[in-house]
Amino acid sequence: MTETSHTNASPESIDSEPCPTPLDWQDVVRAFLEERREGEIALGRSKLTATQIGQGPPLVLLPASGCSAKIYALLAWLLREERQLWIFSEPKFERTPSARNLIPELAASYAEAIRDLFGGPVDVYAPTFSSQIAMKMMIDSPEFLKNVVLQSAWAHRPLNWTETALARSGMWIPFSIRRVPLWLSSQVANHRPWFPPYDETRFGFLLSETYRVSVSENCRRMLAADATDLSAEVSHIQKRILLLRAEGDGAIINREEDRLEKSLPACDVEWMHTSGHYPFLTHPHRLVKILRAFFECASEESHE
C-alpha cells in the first residue's frame, strides 16, 4: 500500500485553497438530462441501462446506493470535457440471484457490459456497495478494468444477528424505503451534516433519489455484502487502486478500509474531510481534483 503525496497536505494548506464557484445543482441536473444519452444494454442473463455524457477516455461510474444516474450529475458535468462518462444502472436479471450469488452475478454483468462497449479495460469509480462488486470484477475479470477508485469501500460488510434478521424480513417488504419508520430522521442525522450550508436544497436532491430505493433490494444488498467475503482474495489484485476514504464513513467501514489499506498491493489512499458517503454531491469540485490527479498519475506511470 502506498500513499500519494497529495494525501499528506496539512489542514492549513487544505483550508487555504480558494473555494470554487458553487454549483447550482438544479441547473446542472437539467443540463445533464438534456445532454446525456441513454440506452439499454442486453447481456447474457441480464440487462442494464447505460447513461453517457462527455468526451475523452471512458470512465465507468458504478451505481451509488441504488440511485439513478442523476445522482452523478454534478460530477459528470465537471468532468464532461475531459472524460467520457458512462453511468451504469443496476442490472435487471431474468431470474433474481440469491444474496450469496448477487455480487458475483453483478460483477459478471458489468464485466460483460464493459467488454461489449469498449472491448478492453477502462477506468472505474465504485462507491460503497459497488466497491465490493468492483473488487470481485478485479478478481474474476481483471482484463476489463484499468485504474479503479474504491470509495467508502469494503471487501466484506458483516452483519450482526439482529441486522441479519431485519434484512431477511425486509426482503418481503414491497414498498420503497421512504415508508420505513425513522428513515428520514436517519438520513438527516447521517448525511445532512456533510452538505454545504449555503445550499439547503442539495440535501433534498439526495432524498429525492434515495427515497425511491426498494426496501427489498436494499436488504438484498446488505445480505449480499455479508455473504460475500473477498478479504482473502484482495491481496492478489494487481490493478492500480485509489482507496477514497470519506469523513462520515462510520466505524464499520473505517475498520474494513484499514484492512484494505494493508491488503491491496497497489493502493493509494486519499482522505476527503467533511464529505460523507456522497462526495459527488457534497463536494464535487474536490472529488474531481482528486480523481484527476489519480488518473493522470496512473496514466504517466503506465507509459514509463
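For the reader, a short list of remarks on this structure follows.
- Residue count for the range 81-135 satisfying the condition of being open to solvent by 20 Å² or more (accessible area, probe 1.4 Å) and of a type in the set (Val, Ile, Thr): 1.
Condition check ((1) closer than 17 Å to Glu38 by Cα; (2) modelled with pLDDT under 95; (3) of a type in the set (Gly, Ala, Ser)) across all residues:
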site: Leu59; (1), (2), (3): yes, no, no
site: Ser65; (1), (2), (3): no, yes, yes
site: Glu81; (1), (2), (3): no, no, no
site: Trp86; (1), (2), (3): yes, no, no
site: Ala111; (1), (2), (3): no, no, yes
site: Met138; (1), (2), (3): no, no, no
site: Val148; (1), (2), (3): no, no, no
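- Note on the range 207-222: among residues that are among the polar types (S, T, N, Q) and under 17 Å from the mean Cα position of the chain (by Cα), the one that is least open to solvent (accessible area, probe 1.4 Å) is Thr210.
- Selection status of Arg30, under 29 Å from Tyr198 (Cα atoms), modelled with pLDDT of 90 or more and of a type in the set (Lys, Arg): yes
- When Ala189 is tested against (1) more than 25 Å from Leu145 (Cα to Cα); (2) surrounded by 15 or more Cβ atoms within 10 Å (Cβ to Cβ); (3) small (Gly, Ala, Ser), just one condition goes unmet, and that condition is (2).
- Pairing residues of the range 96-116 that are among the hydroxyl-bearing types (Ser, Thr, Tyr) with residues that are not in a helix (DSSP H, G or I), at Cβ distances under 7 Å and at least 6 apart in sequence or on separate chains, gives Ser109/Leu43; Ser109/Ser46; Ser109/Leu48; Ser109/Pro91; Tyr110/Leu62; Tyr110/Phe88.
One line per residue, one yes/no per condition, for (1) exposed (fewer than 13 other Cβ atoms within 10 Å of the Cβ); (2) assigned to a helix (DSSP H, G or I):
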| site | (1), (2) |
| --- | --- |
| Arg157 | no, no |
| Trp172 | yes, no |
| Phe205 | no, yes |
| Ala224 | no, yes |
| Ala232 | yes, no |
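- Complete set of residues in the range 36-80 that are open to solvent by 10 Å² or more (accessible area, probe 1.4 Å), in a helix (DSSP H, G or I) and closer than 23 Å to Phe129 by Cα: Ala69, Lys70
- Filter pass, Phe129 being aromatic (Phe, Trp, Tyr), under 23 Å from Glu38 (Cβ atoms) and more than 15 Å from the chain's Cα centre (by Cα): no
- Pick from the range 234-266, criterion assigned to a helix (DSSP H, G or I), open to solvent by less than 50 Å² (accessible area, probe 1.4 Å) and acidic (Asp, Glu), ranking: farthest from Pro63 (Cα to Cα): Glu261
- Condition check for Leu281: open to solvent by less than 50 Å² (accessible area, probe 1.4 Å) and over 30 Å from Thr162 (Cα atoms): yes
- On the stretch given as the range 193-203, residues that are open to solvent by 40 Å² or more (accessible area, probe 1.4 Å), of a type outside the set (D, E, K, R) and either in a loop (DSSP other than H, G, I, E, B) or under 18 Å from Glu163 (Cβ atoms) (or both) total 2.
- Every condition in (1) in contact with a Phe, Trp or Tyr (Cβ under 9 Å, 6 or more places away or on another chain); (2) surrounded by 15 or more Cβ atoms within 10 Å (Cβ to Cβ) holds for Ala153 except the one numbered (1).
The values are calculated or read from the model by the stated rules, or taken from the named source; none is laboratory data. Keep in mind the model is a prediction, meaning the values are calculated, not measured. When we count neighbours, we look across all protein chains shown, and the Cβ atoms used for this are built from the backbone with ideal geometry, even at glycine. Just so you know, the surface numbers come from the protein's heavy atoms only, side chains and all, with ligands and any DNA or RNA stripped out. Shrake-Rupley method; radii C 1.70, N 1.55, O 1.52, S 1.80 Å.
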